[in-house]
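Just below is one structure, and these are the notes that go with it.
Read the figures in this text as sums done on the coordinates, not as results from a lab. Everything numeric here is computed off the predicted structure, so don't read it as measured data. With ideal geometry, Cβ positions are generated from the backbone for all residues, glycine too; neighbour counts draw on all protein chains shown.
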């Protein structure tokens, strides 16, 4: 669990405190690396205490990159459950407890606060550090879209069957029987695969069936801090969700598909999914209504494109 930042009011050397300042620098560096950006070195003894360059750079980065983090307050999903919910500048400020107009600023001690980014002539008081701590602490979760990738083994396979002969004029019962028999005899083949979980396609030239079996993977994960990881998935066809008991999905939108305990893993790989022998024609047979399809109907086409993303819940040093 992340430790709380040390309050600037409790810094041993006030605004000159190296340890307190470096908590902020470390938090900034960690969140950059969670987004696969470069690390930032800690301040060293003798660094100019009144130099505002670094603090302005962190303010700039926060307002630019907050949208690359998932809103952990109202998310992780958007209202329609069909995408994840990133922060906006406004929702990040609200989650961080910042003013709606941005960071606090002052030129003279007795001035009321104005809002924006620190500039030439501004005081660098405790409020500057407090707002940076709040802004960084609110950034906790990052998304990563799944990839089909080899992360250390044969993780993909497919099974396909095509009749290879004209089907026009062949009665539905004969086609149904032949297609299912052909599918049952077809082998699973390692490698290859498609982005579709399965498809069933019939036209005058041939009937085709296809299934993919695979593991979702995500690599090149930053390992400097541990993170709990989740895979969220939504199976749909032409924007309409599909109820799929094989995968435990209701079709309502993205649903948590698999999760992993907190660890500093460079990659993550799901269990094998989609490794089922049921014929795609059987799976979607009701939609085909084979007994009533006229033989000249050549464009019955059904496939499902899946979407998914990984969610990383980071255990940063300070939050």
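Points worth noting:
- Extending 7 Å from Cα along the Cβ direction at residue 7 and again at residue 53 yields two label points whose distance is 3.3 nm.
- Residues 64, 250, sorted so that the one with the fewest Cβ neighbours within 10 Å comes first: 64, 250
- Proxy reagent accessibility, fewest Cβ within 10 Å first, across 123, 1: 1, 123
- Highest average first, the peptides 5-15, 211-221 ordered by how many other beta carbon atoms sit within 10 Å of their residues are 211-221, 5-15.
- Sorted peptide list for 106-114, 54-62, criterion being average Cβ within 10 angstrom, highest first: 54-62, 106-114
- On the basis of the beta-carbon distance and an R0 of 22 Å, residue 74 and residue 271 show a calculated FRET efficiency of 0.15.
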